[in-house]
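Colleague: Take a look at the following structure, please.
The values are calculated or read from the model by the stated rules, or taken from the named source; none is laboratory data. The structure displayed is predicted, hence computed values, not measured ones. Cβ atoms come from the backbone with ideal geometry, glycine included; neighbour counts cover every protein chain shown.
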Amino acid sequence: MYVYRYMIAFHTLCVVYYVVGQHEKESKFGEIVKRTVIATAHTCMDHVNATVKDLENLREEPPYPEKSACIVICLLEKIGVVKNNKYSKLGFMTAVTPLVFTNRKKLEHMKTVSENCDREVNHKQETPCQLGNEVTTCIFKYAPELHFKS
């Protein structure tokens, strides 16, 4: 059970690294995270039949084209930020807490982001993956530092 929890926590951290764009000094751990993130992104690309161009669109501001938004939904589902086609503020906090738990001010900021998005995310999508745009638009609105533009 402990190994399973560790694997889930590590996978979540790796995907969050991609989703929130935490760019720290390159280290062995950072390189492992980077490779894992790329593999997860490619898994999501395969899952939604997307191209590298669809992935590269994620460096821009949302809203994203449909295929890119589908990659986002896949990644957000893998880390628990989206559950049952709904934004999960608990999932968001679970995903970002390992990145900010040592900084009380950042942790409180992320709690505010999660609560704001819980109120604001529109779950009435016109297209299957529009929720990916809704969630990222809200998160970037309140926490632009989480955008992975580089």
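Colleague: For the stretch 57-103, which residues satisfy the criterion of being basic (Lys, Arg) and under 25 Å from Asp46 (Cβ atoms)?
Modeller: Residues of the stretch 57-103 basic (Lys, Arg): 59, 67, 78, 83, 86, 89.
Passing the criteria: Arg59, Lys67, Lys78, Lys83, Lys86.
Colleague: What number of residues in the stretch 52-70 are farther than 26 Å from Glu115 by Cβ, not in a loop (DSSP other than H, G, I, E, B) and not hydroxyl-bearing (Ser, Thr, Tyr)? Spell out how you get there, then give the answer.
Modeller: So the first thing to find is which residues in the stretch 52-70 are farther than 26 Å from Glu115 by Cβ, and the list is 52-57, 59-60, 65-68, 70.
Keeping just the survivors that are not in a loop (DSSP other than H, G, I, E, B) gives 52-57, 59, 66-68, 70.
Subset that is not hydroxyl-bearing (Ser, Thr, Tyr): 52-57, 59, 66-67, 70.
Going through the stretch 52-70 one residue at a time, the tally reaches 10.
Colleague: Check Glu134, Glu61, Glu115, Glu108 and return the single one that is out of contact with any helix residue (DSSP H, G or I) (no Cβ under 8 Å at 6 or more places or on another chain) and surrounded by fewer than 18 Cβ atoms within 10 Å (Cβ to Cβ). Quick ask: steps written out before the conclusion?
Modeller: Working: Glu134 fails: surrounded by fewer than 18 Cβ atoms within 10 Å (Cβ to Cβ); Glu61 fails: out of contact with any helix residue (DSSP H, G or I) (no Cβ under 8 Å at 6 or more places or on another chain); Glu115 fails: out of contact with any helix residue (DSSP H, G or I) (no Cβ under 8 Å at 6 or more places or on another chain).
Just one listed residue meets the conditions, Glu108.
Colleague: Here is a follow-up. Would you tally the residues in the stretch 87-96 being at pLDDT below 95 and of a type in the set (Ser, Thr, Tyr)?
Modeller: Matching residues across the stretch 87-96 total 1.
Colleague: Say we look at the stretch 111-128 and pick out the residues that are among the polar types (S, T, N, Q) and in a loop (DSSP other than H, G, I, E, B); which of these is modelled with the highest pLDDT? Let's see the steps before the verdict.
Modeller: Just the residues of the stretch 111-128 that are among the polar types (S, T, N, Q), to begin with: 112, 114, 116, 122, 125, 127.
Narrowing further to those that are in a loop (DSSP other than H, G, I, E, B): 122, 125, 127.
Working: Asn122: 90, Gln125: 80, Thr127: 87.
Here the answer is Asn122.
Colleague: So, one more: Give the residue, chosen from Leu75, Leu107, Leu99, Leu131, that is aliphatic (A, V, I, L, M), touching a Gly at 6+ places or on another chain (Cβ under 9 Å) and part of a helix (DSSP H, G or I). Reasoning before the result, please.
Modeller: Numbers: Leu107 fails: touching a Gly at 6+ places or on another chain (Cβ under 9 Å); Leu99 fails: touching a Gly at 6+ places or on another chain (Cβ under 9 Å); Leu131 fails: touching a Gly at 6+ places or on another chain (Cβ under 9 Å).
Unique residue meeting the criteria: Leu75.
Colleague: Further question: Return yes or no: is Cys129 surrounded by 14 or more Cβ atoms within 10 Å (Cβ to Cβ) and closer than 20 Å to Thr40 by Cβ? Break it down stepwise before answering.
Modeller: Details: surrounded by 14 or more Cβ atoms within 10 Å (Cβ to Cβ): yes; closer than 20 Å to Thr40 by Cβ: yes.
Spelling it out, Cys129 is indeed surrounded by 14 or more Cβ atoms within 10 Å (Cβ to Cβ) and closer than 20 Å to Thr40 by Cβ.
Colleague: For the stretch 138-150, what are the residues that are polar (S, T, N, Q) and at pLDDT 95 or above?
Modeller: Step one: filter the stretch 138-150 for residues polar (S, T, N, Q), giving 150.
Within the stretch 138-150, no residue meets the criteria.
Colleague: Please go through the stretch 99-147 and give me each residue that is of a type in the set (Val, Ile, Thr) and either in contact with a Pro (Cβ under 6 Å, 6 or more places away or on another chain) or within 17 Å of Pro65 (Cα to Cα) (or both), ordered by number. First the steps, then the outcome.
Modeller: The first filter runs over the stretch 99-147 and keeps only residues of a type in the set (Val, Ile, Thr), leaving 100, 102, 112-113, 121, 127, 135-137, 139.
Hits for the stretch 99-147 are Thr127, Val135, Thr136, Thr137.
Colleague: Consider Asn84 against the criteria (1) within 22 Å of Glu126 (Cα to Cα); (2) modelled with pLDDT under 75: it satisfies all of them except one. Which criterion is unmet?
Modeller: (2)
Colleague: Now, a different point. With respect to the numbered conditions (1) exposed (fewer than 12 other Cβ atoms within 10 Å of the Cβ); (2) at pLDDT below 95, which one is the sole condition not fulfilled by Leu99?
Modeller: Only one criterion in (1) exposed (fewer than 12 other Cβ atoms within 10 Å of the Cβ); (2) at pLDDT below 95 is unmet by Leu99, namely (1).
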